[in-house]
Amino acid sequence: MRPPAAGQVLTFSADMPELGARNRRVWAYLPPDYGAGKKRYPVLYMHDGQNLFDPQAAYCGEWGVGKSLDALFLAKKTKGAIVIGVDNGGTERWNEYSPWCQMDGTGRCAGDKYARFLIEDLKPLVDKKFRTLPGRESTGTAGSSLGGTISFYLALKYSGVFSKAALFSPTFWFARGEAFGLAKKARVKQDLRIYMDVGTNEGFHEEEYLADAGEMSALFSKKKNIAHRFFVDEGGIHNESAWAARFPAAFLWLFEGAGGK
C-alpha cells in the first residue's frame, strides 16, 4: 500500500507533576507511512509546540514542521521521524526553559524540572503510545531561543538519553557563565551531534547572540565525542520564519547524516 502524501498531526494531553501543571497539550507528527506497517521511527522532542504545526495555534508564526518533513520524505531524503512538540506554559515559558536563575533575580528557573518531565514522564508515554525507536541513538531534541537553550541543557546534562540536538538562535546571554560552565564540564561518553545556528540580525541582544554562539561553537570543537555544525544565517532574524527555513537542513544533518560530520 502506497503511503499518503502527508503525515498526520494529532494532539494529546499530559500532566507535568514536576511543574505542578495538568493537561498540557502535546503535539505528535507521524510520518506519511506510519499507518502502512509496523515500522518504528526515531523521535525528535521539540519545545514551543504551539508554533510547530498549526498556524491557528501559533502565537508568533508557524514553523511548518510537518510540511517540511513530508517534503523530505516524499523526496526520499529521510525515512521518516516522529516529532513530539510540547506547548510552552505561556507566562511560565521563561521559567520552564531556564535551568539557571540568573535572568531577573526571581529564582524562577524550573528548566531541570521540565527536563525531568520530558525524560521521566513524557518519553515513556510516547514510547508506549507510538512505534518509536526508544534508544538514545534515535532520540533528539530541538528548539529556538530559550527553547534552544533548554535543548542545549538536555543534550549536555542528559546525553545518556539524547544523542542529537538542534539549537536555533540559543539564548545564552541571560546565564552565560552557567551555560559555558556546563559545556566545559560536560563529559559526553557517547557520540553526540549538535546543530547550532544564529542570525546576524537577531535584534535584542544581537551582538551577544552572535558572540556567544561563535564561542560555544569553538568550545564544542574541543569536546570529545561531540560532532557539531555551526551555521551563521546572514540577515537572519529572531523569529519562526527564519528557524523554519533552517529546520530541514538541521534535521537532515542530525538524523540522516546529510552533509557529513
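Kindly indicate which of ARG93, ARG24 is at pLDDT 95 or above, under 20 Å from ASP112 (Cβ atoms) and either in a strand (DSSP E or B) or charged (D, E, K, R) (or both). If you could, list the steps in order and put the result at the bottom.
On the way: ARG93 fails: at pLDDT 95 or above.
Being at pLDDT 95 or above, under 20 Å from ASP112 (Cβ atoms) and either in a strand (DSSP E or B) or charged (D, E, K, R) (or both) holds for just one of ARG93, ARG24, which is ARG24.
Name the single residue that is farthest from ALA21 (Cα to Cα) among those in the range 50-90 being of a type in the set (Ser, Thr, Tyr) and in a loop (DSSP other than H, G, I, E, B).
Step one: list which residues in the range 50-90 are of a type in the set (Ser, Thr, Tyr), which gives 59, 68, 78.
Checking which are in a loop (DSSP other than H, G, I, E, B) leaves us with 59, 78.
Values: TYR59: 20, THR78: 35 Å.
Filtering first and then ranking leaves THR78.
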- Message: It is to be established whether one or more residues within the range 106-129 are surrounded by 15 or more Cβ atoms within 10 Å (Cβ to Cβ), modelled with pLDDT under 95, aliphatic (A, V, I, L, M) and more than 30 Å from ALA245 (Cβ to Cβ).
- Response: yes
- Residue tally, condition closer than 30 Å to PHE53 by Cα and in a helix (DSSP H, G or I), over the range 215-253: 16
- Task: Considering only residues that are over 23 Å from GLU120 (Cα atoms) and modelled with pLDDT of 95 or more, look in the range 34-50 and name the one that is surrounded by the most Cβ atoms within 10 Å (Cβ to Cβ).
- Result: TYR34
- Task: For the range 137-150, indicate whether the set of residues that are touching a residue at least 12 places away in the same chain (Cβ under 8 Å), buried (at least 17 other Cβ atoms within 10 Å of the Cβ) and over 21 Å from GLY85 (Cβ atoms) is non-empty.
- Result: no
- Among (1) at negative phi; (2) over 15 Å from the mean Cα position of the chain (by Cα), which single condition is TYR114 missing? (2)
- Of (1) closer than 24 Å to THR139 by Cβ; (2) polar (S, T, N, Q); (3) surrounded by fewer than 20 Cβ atoms within 10 Å (Cβ to Cβ); (4) modelled with pLDDT under 95, SER98 fails just (3)
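The values are calculated or read from the model by the stated rules, or taken from the named source; none is laboratory data. What you are looking at is a predicted structure, and each value in this text was computed from that prediction instead of being measured. Glycine also receives a Cβ, built like all others from the backbone with ideal geometry; neighbour counts cover every protein chain displayed.
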